[in-house]
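Chemist: Just dropping this structure here.
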Amino acid sequence: TMTHTHAGPAHYLESPAYGGATSSRFPGFDQAMVDFLASRIRKGIFDACAHRVSARLRWVHDDVWDLTRNRSIDAYRLNARHPYAPAAPDPSAPDEYRAIAPALDILQIETFDGTRPIGWMVFFAMHPTVLPAANRLFGGDAFGVTSRALERELRRTLVGENDGAREGADPLVALIQTNEGDISPRYTMPTVEETERVGGALADHAIVAVRKAGNAPFGDHVALDARYV
């Protein structure tokens with residue numbers, strides 16, 4: 001998951017700021033943690049390379065309006081121009097629910113013959129930090145919940161009536177935090193239950209978006225672009 005969490009490991013950044021006051025109750029740098037994380041990343045890269053196959057892709061786009069809020073609405077109102085774009089479906093909703101970036105973008109990847117999914121990349125603007133820094137368990141927070149829920153959904157499509165999941169099929173779902181700024185999830189309390197609800201709701205939105213796309217074609221080339229605005 002290309003994002004951040006307040007429930008993850010620390011002690012792997014050499015910057016005094018990140019390894020100090022913004023780290024854990026016992027700050028510092030731990031080479032063993034760096035080696036552990038680097039070895040896991042290396043293994044993932046080598047495994048992906050060893051199992052690479054020809055693929056085809058497609059983009060799916062939708063909007064999600066009921067899951068996030070602007071946590072700094074007073075500062076937002078000080079902007080020189082602040083029309084909400086795109087227009088919210090409910091113009092009577094509070095400003096903090098309309099001053100968001102609702103775009104949900106999904107890059108679907110499957111084998112070139114279309115017989116099985118390889119994975120999804122899900123792009124959404126939301127700080128995925130429902131759990132507070134005081135939490136003492138490692139976890140992926142809301143985006144971790146979303147990733148696992150969507151991977152379960154993809155694996156369900158690979159289960160045959162008699163032979164179970166297809167051999168070598170292990171689809172992955174990556175969550176990418178986009179221009180979240182002050183966009184935070186809408187939740188009542190910073191609890192595990194609310195983390196699961198928020199992450200599950202985002203997964204549901206992604207599944208609905210893909211189903212709405214229906215039989216829109218896949219291709220062997222898609223536009224991948226990045227820019228500063």
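Chemist: Just grab the label-to-label distance for T178 and H61, each label 7 Å out from Cα along the Cβ direction, in nm (one decimal).
Modeler: Calculated label separation equals 0.9 nm.
Chemist: With all protein chains present, calculate the accessible area of K212 using a 1.4 Å probe and round the result to the nearest 10 Å².
Modeler: That residue has around 140 Å² of solvent-accessible surface.
Chemist: Taking a ≥ b ≥ c as the square roots of the eigenvalues of the Cα gyration tensor of the stretch 8-88, is the shape rounded (a/c under 1.5), prolate (a/b larger than b/c) or oblate?
Modeler: Taking the square roots of the gyration eigenvalues as a ≥ b ≥ c, the stretch 8-88 is oblate.
Chemist: Starting with the highest mean, order 101-107, 19-25 by the number of other Cβ atoms within 10 Å, averaged over the residues of each peptide.
Modeler: 101-107, 19-25
Chemist: Given a 1.4 Å probe and every protein chain left where it sits, what share in percent of the accessible area of the stretch 4-47 is carbon and sulfur?
Modeler: With neighbouring chains kept in place, the figure for the stretch 4-47 is 64 percent.
Chemist: Report, in deg cm²/dmol and to the nearest 500, the calculated mean residue ellipticity at 222 nm for the chain, where each DSSP H run with n ≥ 4 adds -39500 (n - 2.57) and the sum is divided by the residue count.
Modeler: About -9500 deg cm²/dmol.
Chemist: Pop a pseudo-label 7 angstrom from the Cα along the beta-carbon direction at both R136 and T191 and give the gap in nm to one decimal.
Modeler: The answer from the label model is 2.0 nm.
Chemist: With charges set only on the Cβ (+1 for Lys and Arg, -1 for Asp and Glu), what does the dipole of the stretch 1-102 come to about its Cα centre, in debye to the nearest 20?
Modeler: Roughly 340 debye for the stretch 1-102.
Chemist: If you count only protein heavy atoms and use a 1.4 Å probe, how large is the accessible surface of T191, to the nearest 10 Å²?
Modeler: Estimated to the nearest 10 Å², T191 gives 40 Å².
Chemist: Pull out a ≥ b ≥ c, the square roots of the eigenvalues of the alpha-carbon gyration tensor of the stretch 87-155, then state rounded if a/c is under 1.5, prolate if not and a/b is larger than b/c, and oblate in the remaining case.
Modeler: Oblate.
Chemist: Rank W59, W65 by accessible area, highest first, at a 1.4 Å probe radius?
Modeler: W59, W65
Chemist: Something else about it: Can you compute the label reach from R77? Point 7 Å from Cα along the Cβ direction, backbone N cut-off under 18 Å, restricted to the stretch 167-208.
Modeler: 182-183
Chemist: Same structure, new question: Give, rounded to the nearest 20 debye, the magnitude of the charge dipole that the chain has about its Cα centre when Lys and Arg contribute +1 at Cβ and Asp and Glu contribute -1 at Cβ.
Modeler: Magnitude of the dipole: close to 160 debye.
Chemist: While we're on this one: Can you pull the accessible area of F112 for me, 1.4 Å probe, Å² to the nearest 10?
Modeler: Spelled out: F112, probe radius 1.4 Å, area about 110 Å².
Chemist: Can you tell me how much longer the chain between R42 and T157 gets when fully stretched, taken as 0.36 nm per residue apart minus their C-alpha distance, in nm with one decimal?
Modeler: Gain on stretching R42 to T157: 38.5 nm.
Chemist: Related question: Is the C-alpha gyration tensor of the chain telling us rounded, prolate or oblate? Criteria: a/c under 1.5 is rounded; beyond that, a/b larger than b/c is prolate, otherwise oblate.
Modeler: oblate
The values are calculated or read from the model by the stated rules, or taken from the named source; none is laboratory data. Remember, it's a predicted structure, so these values are computed and weren't measured experimentally. Cβ atoms come from the backbone with ideal geometry, glycine included; neighbour counts cover every protein chain shown. For accessibility, only protein heavy atoms count, side chains too; no ligands or nucleic acids. Shrake-Rupley method; radii C 1.70, N 1.55, O 1.52, S 1.80 Å.
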